[in-house]
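What follows is a single structure, written as structure tokens, with notes after it.
The values are calculated or read from the model by the stated rules, or taken from the named source; none is laboratory data. Just so it is clear, the model here is predicted, and its values are computed rather than measured. For neighbour counting, all protein chains shown are included, and Cβ atoms are generated from backbone atoms with ideal geometry for every residue, glycine included. Only protein heavy atoms, including side chains, enter the accessible area calculation; ligands, DNA and RNA are left aside. Shrake-Rupley method; radii C 1.70, N 1.55, O 1.52, S 1.80 Å.
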Amino acid sequence: MKVSVFTSVLLALLTLISCNSEPTLQKYFVENTEKKDFIAVDVSSSILNLEQTKLSAEQKEAVNSFDKMNILAFKANGTNQAEYDAERKKLTAILKNPKYQELMKFGSGKDGASISYVGSDENISEFVVFANRKENGFAVVRVLGKNMNPNNIMTLMSVLQKSKIDMKQLEPLQQLIK
């Protein structure tokens, strides 16, 4: 009898702990992907279109640490400024969670960008780039991978400059630029 009571209490506690209602970036993406003012794009590592044989060992390691990017953009216009402000505030609040360690910030609070990461210095699982401009809207980019580190990211940036990016995966974002 004692074992079953203890097991029941333990299961109840685990259920309560796992039902975390705290907002997360992943939940934010899921909730807003289909909304009319948002544009969502998932980009796989195949977008890089690289010839693996021409990469150095360091470059291969950097490319292999990258899995995918999730991009969510809000296109601001003259009729949705209140929604833009509300959504920007939601994202800013999510990114203030200590889970997201800020690397750098550019610009002012209303127009600017920030780069944050999740994980430790040598084992980063996610980079987050958040850029916003009142006239255009905002975009938040999640770069997901395994065992990423700042050196891998810098190497990946240099590889990106040499890659033949498959622009077809980025077509939905062209609406934001127009």
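Condition first: in contact (Cβ under 8 Å) with a residue 40 or more places away in the chain and either crowded, with 17+ Cβ neighbours inside 10 Å or within 15 Å of the chain's Cα centre (by Cα) (or both). Now tell me which residues in region 75-96 satisfy that. Selection gives LYS75, ALA76, TYR84, GLU87, ARG88, LYS90, LEU91, ALA93, ILE94, LEU95.
When region 104-119 is filtered for residues that are among the hydrophobic types (A, V, I, L, M, F, W, C) and loosely packed, with under 14 Cβ neighbours inside 10 Å, the ones remaining, listed by number, are MET104, PHE106. Please verify whether region 129-139 includes one or more residues that are touching a helix residue (DSSP H, G or I) at 6+ places or on another chain (Cβ under 8 Å), part of a helix (DSSP H, G or I) and surrounded by fewer than 17 Cβ atoms within 10 Å (Cβ to Cβ). Among the residues of region 129-139, not one is touching a helix residue (DSSP H, G or I) at 6+ places or on another chain (Cβ under 8 Å), part of a helix (DSSP H, G or I) and surrounded by fewer than 17 Cβ atoms within 10 Å (Cβ to Cβ), which makes the answer no. Per this entry, LEU72 is counted among residues that are of a type in the set (A, V, I, L, M, F, W, C) and open to solvent by less than 60 Å² (accessible area, probe 1.4 Å).
Restricted to region 11-39, and to residues there that are among the hydrophobic types (A, V, I, L, M, F, W, C) and touching a helix residue (DSSP H, G or I) at 6+ places or on another chain (Cβ under 7 Å), the residue that is modelled with the lowest pLDDT is ILE39. Being modelled with pLDDT of 95 or more and among the β-branched types (Val, Ile, Thr) is a condition met by no residue of region 1-10.
Taking the conditions (1) modelled with pLDDT under 90; (2) in a helix (DSSP H, G or I) in turn, LYS89 satisfies each one other than (1).
Residues in region 112-171 that are at pLDDT below 80 and in contact with a Lys or Arg (Cβ under 9 Å, 6 or more places away or on another chain): LYS162 only.
Among all positions in region 69-81, there is at least one residue which is more than 16 Å from GLY137 (Cα to Cα) and either of a type outside the set (Phe, Trp, Tyr) or outside any loop (DSSP other than H, G, I, E, B) (or both). Among the residues of region 45-54, the one identified as within 20 Å of ALA139 (Cβ to Cβ) and either of a type in the set (Val, Ile, Thr) or at pLDDT 80 or above (or both) is ILE47.
Residues in region 32-68 that are open to solvent by less than 60 Å² (accessible area, probe 1.4 Å), over 20 Å from GLU87 (Cβ atoms) and free of Cβ contacts under 8 Å to residues at least 40 places away in the same chain: SER45, SER56.
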